[in-house]
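Structure record follows, encoded as structure tokens.
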Amino acid sequence: MDIQYKKGVLKLCLLSLLNTDDWYGYDISEALSKITNISDGTVYPILRKMKFEGLVNTYLSEDSNGPPRKYYTITTLGKEEFQKQAKEWLEFCEAVKKLIKENYDG
Amino acid sequence: MDKKGYLSLLRSELKKAGITEIDDILEEYRTHFELKQKKGKTEEEIARKLASPEYIANEYAQSLNITSNNEKFSKITMSIGLGFIDVIMFMVLIIFVGWVIVLGAFSLILLVLSFLLFTNLNIANLIPFIPYYGKLLIGISSLSLCIASFIGTTYCYIYVRQWIRVYLRWHKNILNNRVYPKLSLIPERLTSSIKPRLLMMITFVTSGSFLIISMIIMMIDTNSFEFWHEWNWFQ
């Protein structure tokens, strides 16, 4: 799959993960590596970009054991963006599925 | 590539790409290594699964281009404003620090004084004549005041230290888009078996009462309200 294309979808995946919970950067990378073979390290730049775009925010949470960890949390703008993108994505998928099914000989 | 090599290469690549907040980014990758290692992966394996440092730096550079100019400008104005606040806060905090030092010195002086009184030493004739029982009583008074002010110093020190931390954290947050949690103005409770506040109160009262008792006894002893005249203190 094309890498740029994949990155766009990854952003949607990240918004989806963050929509309900705050995540630790590492856990996000773990969750994504389960569904795609994208390199572990690429998640962090995307998260940072999303932060610049105001879709997510970060905060440090000081746990009793170990150093403070950086958590990502979704912003209101991020939630709106997720709803929009998710709708577009699902509609797109439906259309693609329909099209492919018509021409697929399998 | 091992962890150290990967991180240092990433650092130089990020620097080359002109990216700010490099430490913040590296921290993310450092934790990634740490947590993967905890799962039993070797450093080489982890580095292989991460993309190459060159690639990652490039990714960061792309994400930065959108807002970098705007970001730079607001950072400059922010730093100037912050500089002014820093000067003012520095002066305020230095007063607090001064207070802690003064209070600490006060308790140290009281400690020396009570030592001199107990041992009946009189260096450079600083202490006027007092019979030894009076010295003992005043010594107890000054020792308890010493303990009270020492506890007071400790309290003030803990609070002032916390306030300095709060200010530094706030300062750091302004420069880092508020990523760190705010600190409380009240320090975390000290876990101690003795209740220092109670001890401070007891020693304070002890100090006052022993001073009064010693005065009264000395007045009775000399048969005069102004016992100091009887002992020619000011001659």
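The values are calculated or read from the model by the stated rules, or taken from the named source; none is laboratory data. Just so it is clear, the structure is predicted and the values come from calculations on it, not from any experiment. Ideal geometry is used to build each Cβ from the backbone, glycine not excepted, and the neighbour counts take in all protein chains shown.
Among the residues making up the range A:54-80, a single one is part of a helix (DSSP H, G or I), modelled with pLDDT of 90 or more and within 30 Å of B:Arg30 (Cβ to Cβ): A:Gly78.
Keeping to the range A:14-25, report how many residues are buried (at least 19 other Cβ atoms within 10 Å of the Cβ) and either farther than 23 Å from A:Thr76 by Cα or more than 8 Å from chain B (Cβ to nearest Cβ) (or both). Final tally of qualifying residues: 4. The sole residue among B:Leu136, B:Leu111 that is in contact with a helix residue (DSSP H, G or I) (Cβ under 6 Å, 6 or more places away or on another chain), within 17 Å of B:Leu211 (Cα to Cα) and part of a helix (DSSP H, G or I) is B:Leu111. For the range A:26-57, which residues satisfy the criterion of being of a type in the set (Val, Ile, Thr), more than 10 Å from chain B (Cβ to nearest Cβ) and surrounded by 17 or more Cβ atoms within 10 Å (Cβ to Cβ)? Passing the criteria: A:Ile28, A:Val56.
With respect to the conditions (1) more than 9 Å from chain A (Cβ to nearest Cβ); (2) closer than 19 Å to A:Ser29 by Cβ; (3) within 39 Å of the chain's Cα centre (by Cα); (4) touching a residue at least 12 places away in the same chain (Cβ under 8 Å), B:Met1 lacks only one, and its number is (3). Evaluating A:Arg69 against the criteria (1) closer than 18 Å to B:Phe33 by Cα; (2) away from every other protein chain (no Cβ under 14 Å); (3) charged (D, E, K, R) leaves one unmet condition, (2). For the range B:39-47, state whether one or more residues are charged (D, E, K, R), facing chain A (nearest Cβ under 8 Å) and under 22 Å from A:Asn37 (Cβ atoms). No: zero hits. Do the conditions hold for B:Gly5, that is, is it of a type outside the set (A, V, I, L, M) and in a helix (DSSP H, G or I)? So B:Gly5 passes the test.
Evaluated against (1) under 26 Å from B:Ile174 (Cα atoms); (2) among the hydrophobic types (A, V, I, L, M, F, W, C); (3) in a loop (DSSP other than H, G, I, E, B), A:Ile38 falls short on exactly one condition, (1). Within the range B:8-24, the residues that satisfy the criterion of being of a type in the set (A, V, I, L, M, F, W, C), at pLDDT below 90 and in a helix (DSSP H, G or I) are B:Leu14, B:Ile22.
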